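Structure first, then comments.
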Amino acid sequence: MLSDKMAQAASKTCEICISASGSQYCLECEQYFCENCKTFHNRQKISKTHQFQSALDVIPEGKSKCKDHNEDVSFVCNTCNVAVCSSYVTGSHKRHDFSKLHDSISRLKATNEQELRRKVHEATKNLKKIEEGLNTFDMKVEVVVKAITENGSKIKAMVDTHIAQMIASVKDQSRMERDKLTKIIADTRMDLKVGSDLNKTMYELYKTRHDDKLLQSLQKLTDDIAKLTIEPITDYPDVFYTAKSTTDHDIKQLFGTFKISDVRTGQTGYREKELHKPNSDYKHDMNPKEQWRYLYRCDGCGKEKRTNT
């Protein structure tokens with residue numbers, strides 16, 4: 001996409017001197033300037049406040065043409081969820097619910113931005129809580145280990161072996177729960193990474209022209225954002241030690257028991273993370289043969305409609 005933009009910018013000629021490359025674009029005059037003409041333009045009293053941007057960043061104008069009527073595709077049939085030209089508004093899609101293509105794209109942008117911000121914020125808070133829970137759990141594990149050690153030191157050599165076994169058991173089992181929390185932290189960081197990648201994709205799409213292909217890409221982005229699930233932990237693992245009264249004749253009964261609760265999340269089991277799809281999935285310069293693969297024909301109006309797959 002970047003190479004296409006560079007090629008497009010390189011093909012522009014300064015509209016003032018008509019000789020040098022038009023590498024700068026005046027937002028007020030809507031004209032391409034070379035560097036020399038831009039300098040002269042900014043020196044003029046009437047145009048010294050004009051703003052320029054790189055020609056590489058100029059979004060190309062133009063709309064898709066309806067293949068049936070050769071008109072600009074400027075509406076969206078909300079009933080069929082398909083971009084159409086004005087002829088369809090009074091034709092086969094008559095009495096359907098319509099909105100302007102630009103408005104639909106703007107709404108999708110706003111919805112995607114809001115939902116992505118919400119989920120990233122939720123993931124950030126969730127990560128902080130998980131890390132705090134992990135620290136608390138680690139401290140509780142240390143408390144239990146210390147309690148077991150203090151209780152074991154009172155019975156000296158008779159229970160040294162048993163003490164070592166119990167501490168090892170606590171650490172082994174607590175390590176399993178800690179590993180679960182560590183995995184959840186990694187998953188949450190992956191959520192943030194996916195959210196960041198989607199955010200980059202979203203702003204890359206904003207630099208493309210507003211047409212039905214952008215609508216398809218934004219709808220695809222909406223689906224991917226919806227798949228970004230943020231699952232909080234409902235119960236953190238806990239650990240404690242219960243001491244028992246003992247005698248020298250009952251060594252095996254000297255030690256209490258400990259219990260470590262399982263990590264619990266809002267879902268059943270541990271989910272397999274979906275790898276974020278590359279930005280190429282959002283490019284809307286599709287192969288013409290694949291361009292309409294999400295459509296089916298409406299029996300009522302005869303117009304092709306989008307599927308959800």
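Given the residues K207, K227, K244, which is the only one that is open to solvent by 60 Å² or more (accessible area, probe 1.4 Å), without any contact (Cβ under 8 Å) to a residue 60 or more places away in the chain and under 23 Å from L116 (Cα atoms)?
The conditions single out K227.
Taking the stretch 34-90 only, how many residues are part of a helix (DSSP H, G or I) and acidic (D, E)?
Selection size over the stretch 34-90: 2.
Look at the stretch 254-265 and say how many of its residues are out of contact with any Ser or Thr (no Cβ under 6 Å at 6 or more places or on another chain) and modelled with pLDDT under 75.
Number of matching residues: 1.
Those residues that are of a type outside the set (G, A, S) and either open to solvent by less than 100 Å² (accessible area, probe 1.4 Å) or touching a residue at least 60 places away in the same chain (Cβ under 8 Å) (or both), I need them from the stretch 119-133; list them, please.
K119, V120, E122, T124, N126, L127, K129, I130, E131, E132
Only one of these conditions is not met by H93: (1) outside any helix (DSSP H, G or I); (2) at pLDDT 80 or above; (3) open to solvent by 80 Å² or more (accessible area, probe 1.4 Å). Which number is it?
Here H93 meets the rest and fails (3).
Which count do you get for residues in the stretch 18-65 that are at positive phi and open to solvent by less than 50 Å² (accessible area, probe 1.4 Å)?
Within the stretch 18-65, residues that are at positive phi and open to solvent by less than 50 Å² (accessible area, probe 1.4 Å) number 1.
Mind listing just one residue for me: the one in the stretch 162-189 that is in contact (Cβ under 8 Å) with a residue 24 or more places away in the chain and within 16 Å of the chain's Cα centre (by Cα) and, of those, most open to solvent (accessible area, probe 1.4 Å)?
Among those residues, the one meeting the criterion is R189.
Exactly one condition in (1) open to solvent by 10 Å² or more (accessible area, probe 1.4 Å); (2) farther than 30 Å from A83 by Cβ is false for G152; which is it?
So G152 meets the others, but not (1).
Given the residues L116, L192, L101, which is the only one that is open to solvent by 20 Å² or more (accessible area, probe 1.4 Å) and over 21 Å from K259 (Cβ atoms)?
After applying the criteria, what remains is L192.
Hey, any hits in the stretch 137-145 for a residue that's open to solvent by 30 Å² or more (accessible area, probe 1.4 Å), farther than 21 Å from R209 by Cβ and either not charged (D, E, K, R) or not in a helix (DSSP H, G or I) (or both)?
Yes, the stretch 137-145 contains at least one residue that is open to solvent by 30 Å² or more (accessible area, probe 1.4 Å), farther than 21 Å from R209 by Cβ and either not charged (D, E, K, R) or not in a helix (DSSP H, G or I) (or both).
Under 8 Å between Cβ atoms, at least 6 apart or on separate chains: pull out the pairs that start in the stretch 66-80 with a residue that is closer than 20 Å to R209 by Cβ and open to solvent by 80 Å² or more (accessible area, probe 1.4 Å) and end on any residue that is at pLDDT 80 or above and not aliphatic (A, V, I, L, M).
Here the result reads none, with nothing in the stretch 66-80 linked to a residue that is at pLDDT 80 or above and not aliphatic (A, V, I, L, M).
The values are calculated or read from the model by the stated rules, or taken from the named source; none is laboratory data. Because the structure is a prediction, the values reported are computed rather than measured. Backbone-built Cβ (ideal geometry, glycine too); neighbour counts: all protein chains shown. Calculation scope for accessible area: heavy atoms of the full protein, side chains included, ligands and nucleic acids excluded. Shrake-Rupley method; radii C 1.70, N 1.55, O 1.52, S 1.80 Å.
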